[in-house]
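*Asks:* Have a look at this one.
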Amino acid sequence: MADPEAEPPDALLADAPSQALVALPREADESPLDDPRASDVDEWGRSERMRALARRVYDPVYRNWFRVEWEGLENIPTEGGALLVANHAAAIPSDAPVIMHGIETELERPVYGLADDLFKGLPVVGTLWSRTGGVPAHPDNAYRLLREQGQLVLVFPEGSKGPGKHFSQRYQLRRFGRGGFVEIAMRAGVPVVPIAVVGAEESMPTLYNMSRLAKAAGLPYFPITANMLAFGPLGAVTYLPAKFKLRVLPPVHFDVEPDQPRYSKSRIMDESEAVRDHIQQALYDMLRKRRSVWFG
Amino acid sequence: MGRRILVTGLGTFWGGRVAQALEQDPTVDIIVGLDTKPPSVELERTEFVRVDENYSILARIVRATQVDTIVHTFLVVNSDQMRARAMHEINVIGTMNLFAAASAAGSTVRHVVVKSSSLVYGSAVGDPTWFREDTPRTKPPRNRVERSLIDVEGYVHDFAEDNPHVNVSLLRFSNVLGSDIVTPISQLLQQPVVPYILGYDPRLQFVHEIDVVRSLAYVLDHEVAGIYNVAGDGLLPWSEVAAICAKRRVPMLPVGTSLATLPLKVLGGADFNPETIDLLKYGRGIDNRRLVRTGFRYQYTSAGTVAAFAEAMRLRRTIGDHEPGYRYESDVEQFFRHSPAVVRDQH
């Protein structure tokens with residue numbers, strides 16, 4: 001994450017008004033330029049056409065395999081930016097597509113999913129990921145999406161530590177990074193909307209992590225999953241039909257001035273811990289009420 | 001007294017076009033152009049001085065001509081144009097000599113404009129979608145052209161800091177396309193089939209050569225100091241670029257791309273250097289709003305630039321390559337500029 005405070009004052013970068021900034025005769029012609037685009041890929045690489053196609057393909061999985069149920073969808077703003085924050089699980093995370101699909105079909109608002117650069121670097125996968133709404137998790141990207149474009153942005157603050165954990169640790173939230181998501185939301189002046197997800201953990205449980213192989217392959221983890229034991233090689237791409245339940249918690253507003261160069265680190269850590277705790281408590285509550293992993 | 005301007009790299013596309021633009025400006029009294037080779041465009045009143053590539057006699061020229069403005073366009077941004085050492089001589093040593101001359105005691109220089117490139121941001125997996133002027137690059141440079149440009153920008157910084165009375169403008173240009181300029185990207189797009197790296201479809205940004213010249217003239221006119229990105233609005237995928245140019249695409253394997261494209265380089269003369277390969281994998285976007293905030297207006301978006309380039313390519317295909325009919329002849333130019341026999345317009 002870029003450190004905004006490590007910036008020395010720079011004569012060439014300071015936005016001090018040079019002569020030109022004072023009073024320039026604006027050119028009269030301010031009509032928009034001709035922009036002959038030949039595709040609908042936006043600046044983030046997302047294509048609404050590809051996204052709609054992905055939704056059509058994914059819908060049977062969402063409805064019939066995972067049988068997703070939501071509560072508290074009304075907590076997601078219908079307009080303006082908001083940072084959606086959820087727990088992260090399953091060796092190949094099944095939660096991101098479920099959340100994006102659900103919100104996009106229910107609220108008809110696009111959701112941009114922030115993820116590790118790992119995806120961007122992969123051939124084919126990286127391109128598909130970006131066309132269907134994935135954005136590299138860089139603070140500048142998040143800020144621009146939230147503050148300037150008023151979009152819904154999904155982030156998993158646990159990062160790869162969530163999906164990489166052993167099945168015995170299921171629903172135990174990992175550390176929420178360094179609270180960068182809180183800082184972004186503060187700077188962008190948007191609320192954080194916590195989401196608790198039940199079901200993802202059981203859709204692809206990690207039984208063993210081959211950490212040496214992972215290190216050699218440059219991956220955060222390299223799991224042996226229950227799916228692989230059950231389905232063989234197909235298990236790498238086949239989820240177990242766990243029942244998904246999602247609960248959207250009330251939005252958290254930070255009462256701070258946006259666009260500050262820095263925010264109190266202790267405040268950030270406190271808020272981050274509070275959001276994490278909200279989600280953790282909601283998960284415990286949902287698990288208390290869950291009778292069956294497969295039928296909810 | 002009008003302005004007195006020194007243009008480095010007069011023989012390049014950039015320098016020549018900027019000098020042409022400056023000649024139209026009646027407030028500019030004197031234009032002196034330096035290069036190792038003569039200008040390739042017709043110039044009316046620009047004085048051409050042939051120098052060696054690291055500008056060792058620059059201090060004398062600056063003193064003798066008393067210029068108040070230096071436009072430094074003589075920077076190599078295309079690593080296939082020459083060998084590493086020659087590029088280092090031109091970019092790094094040339095810039096050092098230029099700034100040494102400009103900051104010498106009694107120097108009359110008050111404004112320096114340097115043409116840099118968005119190559120200084122690199123192109124890597126961890127990059128933000130948009131680079132602002134103050135966004136640091138995410139990976140240290142691995143190729144020589146980026147390293148040398150970063151060195152050059154370091155000298156620009158030092159010079160600006162040591163000479164607060166001088167307006168320093170540093171422009172970083174995105175991928176330039178147009179009817180005249182030859183770049184690694186324009187060469188790729190002129191192949192019968194356009195290569196892409198299998199599995200990657202990065203988003204690129206373009207700036208039209210007309211906006212390039214306009215932006216240089218703009219910062220000169222308005223004395224806009226500071227670092228500015230110069231690029232058209234919007235990003236578009238490489239596949240879309242090929243589609244606008246109505247070209248079929250041919251895949252290159254993501255590993256060993258530089259080796260696989262060797263025949264292309266030898267046969268077709270197309271550049272496929274390391275920085276271009278990075279660009280065709282990860283793309284790059286630069287935030288152009290800082291210059292827009294000073295009042296500059298672009299004439300082309302990224303997509304508009306590509307479309308205009310495609311049209312120029314089609315025209316050339318029909319009417320053939322119009323080699324510039326102009327050749328610099330020293331005696332002829334001296335005659336037109338200085339002979340009493342020539343009747344000159346008085347401004």
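The values are calculated or read from the model by the stated rules, or taken from the named source; none is laboratory data. A quick note: this is a predicted structure, and the numbers were derived from the prediction, not measured. Heads up, the Cβs are rebuilt from the backbone with ideal geometry, glycines too, and the neighbour counts pull from every protein chain shown.
*Asks:* What is the one condition in (1) surrounded by fewer than 24 Cβ atoms within 10 Å (Cβ to Cβ); (2) in contact with a strand residue (DSSP E or B) (Cβ under 6 Å, 6 or more places away or on another chain) that B:VAL112 does not satisfy?
*Replies:* (1)
*Asks:* Then there's this: Only one of A:PRO77, A:PRO123, A:PRO60 is surrounded by fewer than 19 Cβ atoms within 10 Å (Cβ to Cβ) and either on the phi > 0 side of the Ramachandran plot or in contact with a Phe, Trp or Tyr (Cβ under 7 Å, 6 or more places away or on another chain) (or both). Can you tell me which?
*Replies:* A:PRO123
*Asks:* Here are some conditions: (1) in contact (Cβ under 8 Å) with a residue 12 or more places away in the chain; (2) farther than 27 Å from B:PRO141 by Cβ. B:ASN78 meets all but one. Which one does it not meet?
*Replies:* Result: B:ASN78 fails condition (2) only.
*Asks:* I'm trying to understand the selection: among the residues of region B:59-85, which are crowded, with 21+ Cβ neighbours inside 10 Å and at pLDDT 85 or above?
*Replies:* B:VAL62, B:VAL67, B:THR69, B:ILE70, B:VAL71, B:HIS72, B:THR73
*Asks:* Now a separate question. Inside region A:1-60, can you point out the residues that are of a type in the set (S, T, N, Q) and modelled with pLDDT under 80?
*Replies:* Answer for region A:1-60, where residues must be of a type in the set (S, T, N, Q) and modelled with pLDDT under 80: A:SER18, A:GLN19, A:SER31.
*Asks:* Residue pairs, Cβ under 6 Å, 6 or more apart or interchain, first in region A:261-277 and closer than 23 Å to A:GLN172 by Cβ, second assigned to a helix (DSSP H, G or I) and modelled with pLDDT of 95 or more. List them.
*Replies:* Between residues of region A:261-277 that are closer than 23 Å to A:GLN172 by Cβ and residues that are assigned to a helix (DSSP H, G or I) and modelled with pLDDT of 95 or more, the close pairs are A:ILE268/A:VAL182; A:ILE268/A:GLU183; A:GLU271/A:VAL182; A:SER272/A:VAL182.
*Asks:* Next up: So is A:PRO123 assigned to a loop (DSSP other than H, G, I, E, B) and within 14 Å of chain B (Cβ to nearest Cβ) or not?
*Replies:* When the stated conditions are applied, A:PRO123 passes them.
*Asks:* In region A:44-57, which residue that is within 14 Å of chain B (Cβ to nearest Cβ) and buried (at least 18 other Cβ atoms within 10 Å of the Cβ) is farthest from B:ASP233 (Cα to Cα)?
*Replies:* Ranking the qualifying residues of region A:44-57, first place goes to A:MET50.
*Asks:* I'm trying to understand the selection: among the residues of region B:115-135, which are under 14 Å from A:ASN141 (Cα atoms) and of a type outside the set (Val, Ile, Thr)?
*Replies:* Within region B:115-135, B:GLY126, B:ASP127, B:PRO128, B:TRP130, B:PHE131, B:ARG132 meet the criteria.
*Asks:* Going through A:SER292, A:SER266 one at a time, which residue ends up being out of contact with any helix residue (DSSP H, G or I) (no Cβ under 9 Å at 6 or more places or on another chain) and farther than 30 Å from A:ARG63 by Cβ?
*Replies:* On inspection, the qualifying residue turns out to be A:SER266.
*Asks:* Now, a different point. (1) more than 10 Å from chain B (Cβ to nearest Cβ); (2) under 14 Å from A:PRO97 (Cα atoms): which one isn't true of A:GLN149, the others all being true?
*Replies:* Single failed check for A:GLN149: (2).
*Asks:* Moving on. Looking only at region B:219-236, count how many residues are within 11 Å of chain A (Cβ to nearest Cβ), buried (at least 24 other Cβ atoms within 10 Å of the Cβ) and not in a loop (DSSP other than H, G, I, E, B).
*Replies:* 5
*Asks:* Does at least one position in region A:169-188 carry a residue that is more than 23 Å from A:PRO157 (Cβ to Cβ) and among the hydrophobic types (A, V, I, L, M, F, W, C)?
*Replies:* Checked against the condition, which is being more than 23 Å from A:PRO157 (Cβ to Cβ) and among the hydrophobic types (A, V, I, L, M, F, W, C), region A:169-188 yields no hits at all.
*Asks:* Applying the selection to region A:94-120, what residues are surrounded by fewer than 20 Cβ atoms within 10 Å (Cβ to Cβ) and away from every other protein chain (no Cβ under 14 Å)?
*Replies:* If the condition is that a residue be surrounded by fewer than 20 Cβ atoms within 10 Å (Cβ to Cβ) and away from every other protein chain (no Cβ under 14 Å), then A:PRO97, A:GLU104, A:THR105, A:GLU106, A:LEU107, A:GLU108, A:ARG109, A:PRO110 are the ones that fit.
*Asks:* Give me the pairs: first residue in region A:59-83 and without any contact (Cβ under 8 Å) to a residue 60 or more places away in the chain, second residue basic (Lys, Arg), beta-carbon distance under 9 Å, and six or more apart or on different chains, which are they?
*Replies:* As it stands, the answer is A:TYR62/A:ARG55; A:THR78/A:ARG109, since those pairs meet every condition given.
*Asks:* Shifting gears a bit: Please report, ordered by residue number, the strands (runs of 3 or more DSSP E) entirely within region B:130-206 with at least 1 residues that are within 14 Å of chain A (Cβ to nearest Cβ) and of a type in the set (Val, Ile, Thr).
*Replies:* It comes to B:167-173, B:193-197.
*Asks:* Still on this structure, I have one more. List the residue pairs whose Cβ atoms are under 6 Å apart, where the first residue sits in region B:191-216 and is surrounded by fewer than 17 Cβ atoms within 10 Å (Cβ to Cβ), the second is charged (D, E, K, R) and not in a loop (DSSP other than H, G, I, E, B), and the two are 6 or more positions apart or on different chains.
*Replies:* B:VAL193/B:ARG248
*Asks:* Just to be sure I understand, how many residues within region A:252-296 are farther than 17 Å from A:VAL190 by Cα and either of a type in the set (A, V, I, L, M, F, W, C) or in contact with a Gly (Cβ under 7 Å, 6 or more places away or on another chain) (or both)?
*Replies:* 10
*Asks:* So, B:VAL213, is that one under 28 Å from B:GLY295 (Cβ atoms), in contact with a Lys or Arg (Cβ under 6 Å, 6 or more places away or on another chain) and assigned to a helix (DSSP H, G or I) or not?
*Replies:* Yes; evaluated as a whole, the condition is true for this residue.
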